[in-house]
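The values are calculated or read from the model by the stated rules, or taken from the named source; none is laboratory data. Everything numeric in this text was worked out from a predicted model, so none of it was measured. Quick reminder, even Gly has a Cβ in these numbers, built from the backbone with ideal geometry, and neighbours come from all protein chains shown.
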Amino acid sequence: MAKGKAKVKKEDNVLLAPVANSSPESRKIATAISILLFALIGAIYLSNQSAKQFAILAYDAAGLVATDAEFYAARTIRLWLTLGSLVLLAVPLFVFVYIKSGYRIWSYAGKLYLVVATLYAFYLLAEAVLMYTPVSDNMGKTLGHQLWLREYWPGYSFPFDKRDRPMLVRDTINFGLFKSAGGPKAIFIGDSYTAGDGVGYSDSYPSLLAAMHPDWQMVNLGERGADIWREAFNLEVFLNALAVKPTIIVWQYFGNDIEPIALDKGLSLPQFPVDGLMAHMVNKSFVLDFLYWGFVYKAPVDDYLEFLGSAYKRQDIVQEHIKPMEDVINYCNARGIKLVVIGFPIAARTQWSEDTYLKELGNFAGQYHIPYINMAPLIEKIAMP
């Protein structure tokens with residue numbers, strides 16, 4: 001017997017023989033079929049991207065477009081279409097690479113198609129995974145953040161007042177218990193820091209304090225995106241509805257609370273553009289959305305800080321901005337309610353926050369003898385670089 005491995009002819013292999021012996025005409029037909037199947041996969045997937053199912057997934061941040069049932073049904077349909085496309089991908093891969101190339105998988109056409117098909121398969125798998133991966137971000141623009149809101153933010157709508165938009169807080173408030181139960185009562189107001197945007201509800205600081213003091217009745221009225229006018233409005237509605245006197249009100253402040261007044265007074269907000277074809281692609285794919293916002297897009301942080309700095313330098317804006325806080329201070333003083341103010345810095349710019357608004361916030365609180373907690377020293381120790 002000759003040394004080395006014996007070569008096996010393609011004609012001797014039952015599976016390979018029909019391929020090796022196929023005529024040029026049949027291979028042309030196979031090529032056409034593979035191209036049509038690949039086009040069909042793309043058409044099914046892309047049409048689904050722009051269909052109502054995806055429109056339901058891409059609901060607005062307040063969660064008002066779709067019910068939970070509609071949302072989860074849409075995501076399930078999208079998952080099966082994605083996985084179905086992945087399965088169908090094997091058909092043109094087999095037909096084109098093996099039949100067209102006569103099992104010469106490393107021919108130029110075979111290698112090209114194999115690379116394209118493999119990348120597309122990884123894309124589909126990543127798409128299927130990311131559409132079930134809720135991840136919060138600090139801008140609220142990503143599809144992953146919208147998933148996070150759907151999963152972890154019930155969007156409780158405060159029922160007692162129809163003015164303006166409804167209050168969307170995370171706390172499932174037991175109104176009767178809060179009003180009737182004995183013991184001290186605390187109300188927390190603020191924006192996403194108080195509401196706990198990006199963490200589980202049990203990890204928000206009002207929830208941690210409630211766990212440490214089980215004898216207290218505590219309500220978290222934190223609402224993501226709220227400014228101090230909105231926060232004061234939420235507090236007013238809650239107190240009027242329950243006619244209850246809390247022991248303490250904790251008011252959390254953040255630097256962008258001045259933004260709505262600044263815009264009303266004529267300042268221009270820096271844009272966060274995603275335009276044209278890029279916007280269409282990013283908004284229609286969890287993978288492209290993840291890659292764009294995570295690795296490509298660079299937020300104009302310095303431009304936004306310049307906008308906020310300009311707002312804090314204008315006394316007309318600042319005076320209008322602090323009016324609701326002064327009203328709450330007067331309300332608390334008239335009723336013997338203790339008020340505490342907590343100031344949060346912009347995590348990546350703690351010193352800028354100190355110089356721009358936190359020191360002035362402390363001075364303002366001091367004028368009214370209000371306890372003030374500056375979180376900048378703690379945030380500076382734990383903030384990401």
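Got at least one residue in the range 198-208 being hydrophobic (A, V, I, L, M, F, W, C) and either touching a His at 6+ places or on another chain (Cβ under 8 Å) or in a loop (DSSP other than H, G, I, E, B) (or both)? Scanning the range 198-208, I find at least one residue that is hydrophobic (A, V, I, L, M, F, W, C) and either touching a His at 6+ places or on another chain (Cβ under 8 Å) or in a loop (DSSP other than H, G, I, E, B) (or both), so the answer is yes. If the condition is being in contact with a strand residue (DSSP E or B) (Cβ under 6 Å, 6 or more places away or on another chain), closer than 13 Å to V250 by Cα and of a type in the set (A, V, I, L, M), then the range 181-209 contributes A186, I187, I189.
Have a look at A181, A226, A232, A243 and point out the one that is under 24 Å from Y152 (Cβ atoms) and hydrophobic (A, V, I, L, M, F, W, C). None of the others qualify; the one that does is A226.
Checked against (1) modelled with pLDDT of 70 or more; (2) assigned to a loop (DSSP other than H, G, I, E, B), M139 passes all but condition (1).
Within the range 324-353, the set of residues being closer than 30 Å to I382 by Cβ and without any contact (Cβ under 8 Å) to a residue 40 or more places away in the chain comprises A347, T350, Q351. Candidates G176, G110, G190, G182: the one that is modelled with pLDDT of 70 or more and farther than 25 Å from M325 by Cβ is G182. Cβ-Cβ contacts under 6 Å between residues 6 or more apart (or on different chains), taken from a first residue in the range 126-148 that is aliphatic (A, V, I, L, M) to a second residue that is modelled with pLDDT of 80 or more and part of a loop (DSSP other than H, G, I, E, B), are listed as L147/P134. Filter the range 193-222 down to residues that are β-branched (V, I, T) and modelled with pLDDT of 85 or more and give me whichever is farthest from I373 (Cα to Cα). The qualifying residue farthest from I373 (Cα to Cα) is V219.
The residues of the range 334-382 that are assigned to a helix (DSSP H, G or I) and exposed (fewer than 14 other Cβ atoms within 10 Å of the Cβ), listed by number, are A334, R335, Q351, D355, N363, G366, Q367, P377, L378, K381, I382. Out of curiosity, is A311 in contact with a His (Cβ under 9 Å, 6 or more places away or on another chain) and within 30 Å of Q146 (Cα to Cα)? Judged against the criteria, A311 is a match.
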